[in-house]
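The values are calculated or read from the model by the stated rules, or taken from the named source; none is laboratory data. Source: prediction; values computed, not measured. A quick note on method: Cβ atoms are made from the backbone with ideal geometry, for glycine too, and the neighbour counts reach across all protein chains shown.
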């Protein structure tokens, strides 16, 4: 079955439509600098910022100065690094279940999903969206840092926030088998599949597949280019989400993230002329989340 959003966007059922998306903007200065270089100079067509993080204000300043910006809110409930931490902007109450023993967000999504109160999550996510709006970002969508919200406990409140603010909440069509990889099985998996169908009928765009450059290990430039090319060579017709985590190479990102080589590799890949030519040669249709937001509301 073809994705109904393709026709609304003016594409055919045979088109391979891709959003090239940059996560974690504002997590550190290196991510902001990478975004500044990439936007308008690469196939990158969308990005999302982490509101609770230290470099969010600089991200907002940069976006306000970009007439064609396509920036979403990377809704954040986890704080995964050892040397740099962040927490909720809506509360400091440990009883909400949002915080670990050190007073920051949990380091992993499973802990959030086990402990965080649903109402507290809703309040925090709305606070992050409202802060982005107050900072002057004409945000195009919402999505989830480390996938912590894409869980039966929180999925509906996440999607309803998208409807409330008139923006897509990034959701990917999943099979029972795929949900099982995330530890979601049985009736919970069936409910998510049914819910996805329902929100699509209500006008929420749903992606057919999600892809991303790996953060594990280290690839040389030519190996990373080959990996990315293989993704584009094998994706079928439909709407696709292609995630990168770009950063420039600085002492800061090396100190923060054990996977800094992959993040710098994403930046180098998207800045390369070889990758720009590869995208053009493979005939994929590149769009941003802004296009999805506009069609969702028309």
Which one is farthest from the chain's Cα centre (by Cα), of the residues in the range 261-297 that are within 13 Å of residue 168 (Cα to Cα) and assigned to a loop (DSSP other than H, G, I, E, B)? 297
Out of all the residues in the range 80-97, which are over 20 Å from the mean Cα position of the chain (by Cα), surrounded by 12 or more Cβ atoms within 10 Å (Cβ to Cβ) and in a loop (DSSP other than H, G, I, E, B)? 84, 90, 91, 93, 97
Could you pull out the residue among 209, 223 that is touching a strand residue (DSSP E or B) at 6+ places or on another chain (Cβ under 8 Å) and without any contact (Cβ under 8 Å) to a residue 40 or more places away in the chain? 209
Filter the range 233-260 down to residues that are surrounded by 16 or more Cβ atoms within 10 Å (Cβ to Cβ) and either within 18 Å of residue 37 (Cα to Cα) or touching a strand residue (DSSP E or B) at 6+ places or on another chain (Cβ under 8 Å) (or both), then give me how many there are. 18
Are any residues in the range 138-181 touching a residue at least 60 places away in the same chain (Cβ under 8 Å), within 12 Å of the chain's Cα centre (by Cα) and part of a helix (DSSP H, G or I), and if so, which ones? 145, 146
Across the range 118-137, the tally of residues that are surrounded by fewer than 15 Cβ atoms within 10 Å (Cβ to Cβ) and outside any helix (DSSP H, G or I) stands at 1
Please find, among 184, 199, 253, the residue that is more than 18 Å from the chain's Cα centre (by Cα), closer than 20 Å to residue 159 by Cβ and assigned to a helix (DSSP H, G or I). 199
Does residue 108 satisfy the condition of being under 18 Å from the mean Cα position of the chain (by Cα), modelled with pLDDT of 95 or more and surrounded by 16 or more Cβ atoms within 10 Å (Cβ to Cβ)? no
